Every structure is written in C-alpha cells, then in structure tokens.
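Structure record follows, encoded as structure tokens.
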Amino acid sequence: MKENLYKGQNCIIFGVNTFIGKIVSKYLAQNQVNLGLIDLVSHKDKEITNNLNTQNKTIYKTVKSGNEDNMINIVEEIHQKLGDINYLICFYYIDDLQHKIKPEDLTLETWDFLFQDWIVNYFLVLKAVVPLMIKVKKGRIVFFITTTGYTGEGEGEGEITLSGSIHECACSSGITGMMTSIAADIIPQGVSLNGIALGPNYKKDIDQIIWAVNLWLSGLGEYSCGQILRLY
Amino acid sequence: MNKKKMSYEEKNALKGKVTLVTGATGGIGREICKRFAKLGSFVYICDIKETTELANYINKQYEEPRAMAVPYDISSKVEVREMFQKILKKNNGVDVLINNAAVHGTGDFPEISYNEFLKTIKIDLSGAMYCTLIATTYMKKNKWGRIFFTGAPLSSSGIPCSYLAGKSAFIGLAKYISKRYKHDNIRTFTLVLRHCDTPMIRRVVKGRGKDVEKGIEELNKKSKTGKMITPEEVAEIYAYFSLAKSPKISGLTLLSDGGITYL
C-alpha cells in the first residue's frame with residue numbers, strides 16, 4: 001500500500017499490553033492513527049506510551065473485566081476525545097495463556113476465569129463500540145484468537161504439537177461462533193468483523209500478522225463476513 | 001426408523017457403562033436417554049427441570065433400574081459438582097457424556113443485552129465445559145470415555161451470538177479432546193444440527209410470531225430432504241457413534257441438516 005490509508009483514522013485497541021497488542025499499536029501509530037488503548041491491567045502504561053512515540057492522539061484506559069458500564073464509559077470517553085471510531089482490534093493474552101495454563105489443566109476455575117476475561121470482554125467491547133460505528137455506518141473490527149479452536153491443538157490441520165489447553169481451545173472456537181453471528185448482524189450496517197487465528201509459533205512471523213491486520217483494516221476484506229485467517 | 005436400520009446394534013453394548021445426558025427432558029435429550037438405556041447403559045437424566053418422570057418411564061421398561069433423575073442447573077459450577085458427587089457415590093465416573101443442554105437465546109447484535117448473553121452462554125457453553133472437564137478427569141483414570149456434543153453450523157445466520165458461541169465451541173473442543181486424550185481411549189463427536197422438530201424449535205417459531213405448524217412446515221421444506229431430522233434419529237446417530245472403537249473415528253463433526261448449510 002503506497003498511500004497511507006490510515007492517516008488520521010481512529011482505532012480502539014483492546015488488550016494493548018499483549019505482545020501482539022504492542023506491535024500492532026506501534027505499527028498503527030507509525031501510520032499516524034489516533035489510538036484509544038484499553039487493557040485489563042494498567043501496570044505497563046509508561047512502557048506502552050513510550051514505545052509508541054507518536055505525535056497523534058493516544059489515550060490509555062484500564063477497564064474492569066466483565067463490567068459493562070465501565071466498558072461503555074471508557075469507550076464513550078475515547079469517542080469524545082478522538083471522534084468517530086474507524087477500527088477496533090481485540091487481543092487477548094495468548095502468550096501468557098500458553099505458558100500459564102497447562103494442557104492437563106481440567107479445572108473449572110480456570111475455565112471461569114478465561115471465559116470472563118476473553119469471551120465476555122470481547123463481547124462487551126463490541127457492545128460498546130459497534131453502536132458508535134453503526135451510527136456512522138462504517139467500521140472495521142478484527143478479533144484475535146488462536147488456531148487451537150480449529151485443529152484442537154497444533155500448527156497445521158491434523159497435526160499434534162501439544163500446545164494450548166482445553167480452555168484455550170473452547171474460547172477460541174466459541175469466539176469464532178460468536179463472531180460469525182455478530183458479523184452477519186452488523187455487516188448490513190456497514191461494519192465488518194473478521195478474525196485472525198494465531199498458531200503456537202506466532203511470534204516468529206510478525207510481518208505475517210501485520211499483513212493480516214492490513215487485509216482486514218484496509219477495506220480489501222470489506223465483503224468478508226466473520227472470516228478467519230489462520231496463521232499456522 | 002425400522003429394525004433393519006438398527007442392524008448394527010450390539011445388544012446391551014453399553015452394559016456397565018454410565019451415561020450422563022444434559023438437557024435431558026427436551027425433545028432430543030429425552031430420546032437419547034431412552035436410546036442409551038436400551039443399549040444397556042445406566043443413564044443419569046440431567047435437566048434444570050424435574051426429570052423423575054422420564055427416569056420412571058425408562059425404569060418401567062426393564063427388569064433392573066437403568067435411569068436416575070439428576071435435576072441440576074449446569075450453568076452453576078456448584079450444582080455441577082454436586083451432581084457429579086451424587087453420580088460418583090455409585091460409580092467410578094461417567095463413561096458417556098452427552099452435552100445436549102441448550103437455550104436458544106434471543107436478540108440480534110447489538111440489541112442483545114449483557115444479561116441475556118450471559119444467561120444463554122453460561123448454559124450452552126460453560127455448562128458443557130463444567131461437565132466435560134469433570135467427566136474427562138474420570139475418563140482419563142478409567143481409560144475409556146465418549147463425549148458427544150450437539151452443535152450448530154457456523155454458517156447459520158439469524159442465530160443469536162450467545163447460542164452460536166456455545167455451539168461452535170464444541171467443534172474445536174471435540175477435536176482437542178480427541179487428540180489430547182486419544183491414548184486414554186476417549187472419543188468425541190459433534191453432531192451439527194440446523195433444525196430438529198423439538199419443543200424448543202417450536203418455541204422459537206412461536207417467538208417469531210409465526211403460526212407454529214406453518215413455521216414447522218417451512219422448516220421442513222428448507223431441508224433438501226423435505227423434512228427436518230427427528231429427535232429419534234438424532235439419538236440413533238449418537239448410539240451408533242457410542243459404539244465406535246477406532247481412534248480414527250473421533251473428533252468428528254457431522255453436519256446433519258439436510259443440505260441447508262455448510263460448515
């Protein structure tokens with residue numbers, strides 16, 4: 001893309017403190033996008049803002065997990081300061097997930113934690129942002145999940161590499177279904193929602209992830225509805 | 001379904017096995033319970049509603065008891081644990097788990113309320129996860145297990161996001177368990193349905209303000225077979241898969257919607 005399609009656009013990033021969140025934020029900041037950065041934890045604020053080094057507007061907010069009112073208020077505040085929201089990108093702590101939750105973990109508590117932190121918060125941030133996009137009849141949304149939702153586990157279809165957990169798998173495939181239904185509901189109103197599924201070795205090919213983000217944000221995927229790019 | 005179609009059946013093939021069916025008093029669940037009892041399994045009938053009547057009905061068919069009511073709310077972690085404690089008093093675990101419970105939910109996005117979303121997804125997804133996590137723990141120990149899921153196709157439109165989140169999770173989940181626990185002889189299977197002539201689908205039709213019989217007729221016509229799958233046929237498919245012994249027949253997703261959709 002020779003022309004900078006992103007200059008002056010506004011983007012909310014949910015899960016900015018994640019590995020990919022930081023990289024994508026930096027990439028968009030370099031492309032002169034105004035950023036509303038939201039996360040569940042606040043301890044990395046300075047690291048994020050220093051890392052971005054942008055002249056564009058940047059707002060950082062911490063949201064309480066599973067709190068609808070809090071999410072709506074934060075999104076509204078970002079909306080008032082930045083203007084219409086063009087993009088929403090949602091990340092989760094996939095790296096932490098794959099290190100902290102062991103594959104043999106079959107506890108109900110782990111499920112409850114992940115269910116709220118990942119699925120419910122993706123739903124809530126959508127609930128807060130989508131009505132604003134519908135008002136202006138435009139918006140592009142990208143969800144990040146992992147490939148375990150398709151393959152069970154592993155890097156390629158049918159392969160087993162023993163990564164991920166039963167909880168991660170259920171969340172990823174559950175979000176896929178949620179996304180498919182919501183994408184169909186909102187595409188007639190000018191808002192697209194698509195996804196990117198990361199494999200276990202996603203850190204090795206950042207360019208590939210940026211390429212996928214560009215596909216969904218640039219408009220090339222405007223006619224895609226609830227589709228997921230699987231990056232094995 | 002005639003007797004010829006059931007020629008694969010091994011009499012009392014599941015004798016000594018314990019089956020837990022969730023959503024057991026609905027149209028599909030009821031038939032599954034009856035079918036698995038017929039295969040010789042002892043069936044725990046789980047539903048948020050009272051399930052004693054169905055247990056009594058099944059027990060009258062046989063000389064020995066083959067069913068017990070476990071009326072618990074699977075969206076509650078506490079209640080699921082209580083239910084398993086009750087089952088574990090008499091058994092070493094659950095051998096066959098059929099995750100069939102679901103509520104359809106209502107509301108397009110973004111109108112759907114947070115409470116409605118949570119209510120539906122906690123039953124459809126978290127409830128199935130709670131049962132699956134506990135059941136898998138014992139299946140691993142016992143080196144035998146069958147976990148089945150009643151799913152829905154991803155390509156469906158007009159289905160609430162909370163419902164589809166739960167149903168689609170099963171497809172990945174079944175694949176995961178089949179791979180992770182294949183050496184523990186745990187097999188999984190997801191049966192993906194679009195429409196099935198059950199009380200739930202009739203409630204959905206009515207909720208859309210349509211005449212129920214006309215609505216059901218329209219749904220029958222949507223299927224390229226000219227009719228929706230019946231609860232008895234669904235139960236028969238689960239029964240067939242419960243007898244599969246090969247690890248290759250695991251993690252499968254079978255779309256049985258008469259050609260309406262694609263996965």
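Any read-out appearing in this document is the output of simple, stated calculations on the displayed coordinates, not a laboratory observation. Source: prediction; values computed, not measured. Counting neighbours? That spans all protein chains shown, and the Cβs are built from the backbone with ideal geometry, glycine included.
A few remarks follow.
- Projected onto planes of every orientation and averaged, the convex hull of the alpha-carbon atoms in segment B:139-231 covers 7.3 nm².
- Length available on full extension from A:Leu40 to A:Asn73: 0.36 nm per residue minus the Cα-Cα distance, which gives 10.4 nm.
- Tail weight of P(r) past 24 Å, computed on alpha-carbon pairs of chain B, percent: 46
- For segment A:10-231, radius of gyration divided by Kirkwood radius, i.e. Rg to Rh on alpha-carbons: 0.94
- For segment B:1-130: rounded, prolate or oblate by the Cα gyration tensor [a/c cutoff 1.5]: prolate
- The DSSP beta bridges internal to chain A are antiparallel in roughly 0% of cases.
- For chain A, the longest principal axis of the alpha carbon atoms and the long axis of helix A:68-82 meet at an angle near 40°.
- Under a Gaussian network description of chain B, with springs only between Cα atoms under 10 Å, the residue in B:Glu82, B:Glu232, B:Glu31 that fluctuates furthest is B:Glu82.
- Over chain B, DSSP H runs of length four or greater, each weighted -39,500 (n - 2.57), average out per residue to a 222 nm ellipticity of -13000 deg cm²/dmol.
- FRET efficiency for B:Leu243 and B:Glu53, using Cβ-Cβ distance with R0 set to 22 Å, rounded to 0.05: 0.20
- Exposed-loop-free span, longest in chain B, where chymotrypsin sites (Phe, Trp or Tyr not before Pro) count as exposed if DSSP calls them loop and at most 15 other C-beta atoms lie within 10 Å: B:63-261
- Cα Rg, Dmax, the protein assembly as shown, angstrom units: 23.4, 80
- Applying 1/(1 + (r/R0)^6) with R0 = 45 Å to the Cβ-Cβ distance of A:Asp205 and B:Glu64 gives a FRET efficiency near 0.15.
- Efficiency of FRET between A:Gln32 and B:Lys210 - r from beta-carbon atoms, R0 60 angstrom, step 0.05: 0.70
- Of the residues B:Thr132, B:Thr22, the one with the fewest other Cβ atoms within 10 Å heads the list, and the complete ranking is B:Thr132, B:Thr22.
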